[in-house]
Amino acid sequence: KYKSIQILPAEEITTDTGAHVIAYGISKEIKADLTLEEIIDEIKKQDAVSCAPHPFSLLDALREKAKMCDLVEIFNSNNVDVISNARATKFSLDNHKIGIAGSDSHVLSTLGRCVNLVESENTLDDVLYAMKHSRITIQNTGYAHEKETLEHIKYKINNSKDYLAEYIREHYPNSQWMFSLLLRMYDLNQNSYLWSLIYKLSVYLMKRISKKINLLDYDVSPLKNRNIADMLRMAV
């Protein structure tokens, strides 16, 4: 049934600044923590295609440096603030970049939420050539739902507690007590309506922050520093 489906070798790479780059069609893994310029060079050496995923999301984003990539993701299913996608679309048009959509799937139900149509033969070389030469168009888009996002969070908490604890210690040392309390509360009742309320509040605050950064050109450094107090001040 699925024999005709081609799976392209690809990798999402984290740069030395924490931003993400996707490499399509690579034959050799590219290590993380290189500069964006070094990663782009490695992708070109492998005749692969580079893409800037969620370029104007609030974290892990290349922002204006996305112009260095072959493709720009102008719609990401997880950018539920919506404004990030709108900014990416405008950026793509202003810089004459090829725009694509990405499901960014972390749960099975969002797989294929976004679909791109590539005009090519069903071979890796032909697909990559078409992607580089603008023969790719967005066919379907759709956002991840609250239930799907909470399902992903539940999976991460239940399967990566040690990693999450280390991540919090590294990135949010001043707020470690708050996250630890929330994790303990989550363990007590993972199906509480409280988590739905927290999700809704987070999306609301995220939209306010995204509006200031992506539409009003506020300084993005409070987010890069991951200072919760600064983030809350920006959200109000």
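Worth pointing out:
- A protection proxy built from the mean count of other Cβ atoms within 10 Å ranks the segments 153-161, 110-118, 47-55, most packed first, as 47-55, 110-118, 153-161.
- Applying the criteria of a DSSP loop state and at most 15 other Cβ atoms within 10 Å to the GluC sites (Glu not before Pro) of the range 21-95 yields Glu29.
- Here the 3J(HN,Hα) profile of the range 115-131, calculated from phi with Karplus coefficients 6.51, -1.76 and 1.60 at θ = phi - 60°, is 10, 10, 9, 9, 8, 6, 6, 8, 10, 4, 4, 5, 5, 5, 4, 5, 4 Hz, Gly and Pro shown as x.
- Contour minus Cα-Cα distance for His133 and Met185 (0.36 nm per residue): 13.6 nm
- Three-way shape label, the range 108-204, alpha-carbon gyration tensor, a/c 1.5: prolate
- Pairwise centroid distance, computed over Cα atoms, of the range 1-63 with the range 198-236, Å: 26
- Contact order, relative form, for the range 10-140: 17 percent (alpha carbon pairs under 8 Å, 6 or more residues apart, mean separation divided by residue count).
- Per residue, the average separation of C-alpha pairs within less than 8 Å and at least 6 apart gives the range 146-235 a relative contact order of 32 percent.
- Legend: calculated FRET efficiency, Val107 to Glu64, from the Cβ-Cβ distance at R0 = 41 Å, rounded to 0.05, equals 0.85.
- Shape call, the range 25-136: gyration tensor on alpha carbons, a/c limit 1.5: rounded
- Relative contact order computed over the chain (Cα-Cα under 8 Å; 6+ residues apart), in percent: 14
- Backbone geometry of the range 74-87 corresponds, through the Karplus equation with coefficients 6.51, -1.76 and 1.60 at θ = phi - 60°, to 3J(HN,Hα) couplings of 8, 9, 10, 4, 8, 7, 6, 6, 6, 4, 4, 5, 4, 5 Hz, x marking Gly and Pro.
- For Cα Rg over 2.2 N^0.38 Å, computed directly from the structure shown, the correct entry in (1) 1.30; (2) 1.07; (3) 1.54 is (2).
Any read-out appearing in this document is the output of simple, stated calculations on the displayed coordinates, not a laboratory observation. Keep in mind it's a predicted model, so treat the numbers as computed, not measured. Reconstructed Cβ throughout: ideal geometry from the backbone, glycine too, with neighbour counts over all protein chains shown.
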